[in-house]
Amino acid sequence: MSTQPNRRSGARTAFHVFFVLSVTVAGCMFIFKLFSFMKTIKKDELAGFAFDPLIVYGFVAMGFIFLLSWAYLTGQFRDIESPKHEMLKRFEEQERAEGLVSGGNHE
């Protein structure tokens, strides 16, 4: 039983490393694509046709980064399994209260 906390700690660390790496790589690729798209725009040919969408994409990306950072820093990803079990427990309690099922577990 003493190996269980170590296993959870290792899994949590692996999740955090994967999370940070994947968000960093995705963000870098998004920025690369935006800059490469901006380089293709010529000043002589309809320079402003893509300016508004680029600004909107940038604001959406910043909002996503802020929300993701907030969720990560406030611990929203610490225990990703318990909400599922809590929801199923509440659903079963509600069914029991309405008399739809008996007190036993169904599997």
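The values are calculated or read from the model by the stated rules, or taken from the named source; none is laboratory data. None of these values were measured; they are calculated from a predicted model. Methodologically, a virtual Cβ is constructed for each residue, glycine included, from the backbone with ideal geometry; neighbour enumeration extends over all protein chains shown.
The number of residues in segment 36-58 being modelled with pLDDT of 75 or more and loosely packed, with under 10 Cβ neighbours inside 10 Å comes to 2.
Cβ separations smaller than 6 Å between residues 6+ apart or across chains give no pair from segment 55-82 residues that are not assigned by TED's automatic domain parsing to the domain that holds residue 11 to residues that are in a helix (DSSP H, G or I) and aromatic (Phe, Trp, Tyr). Figure legend. Inter-residue proximity from segment 23-36: first residues in contact (Cβ under 8 Å) with a residue 12 or more places away in the chain, second residues aromatic (Phe, Trp, Tyr), beta-carbon distance below 8 Å, spacing 6+ or different chains. Indicated pairs: 34/57.
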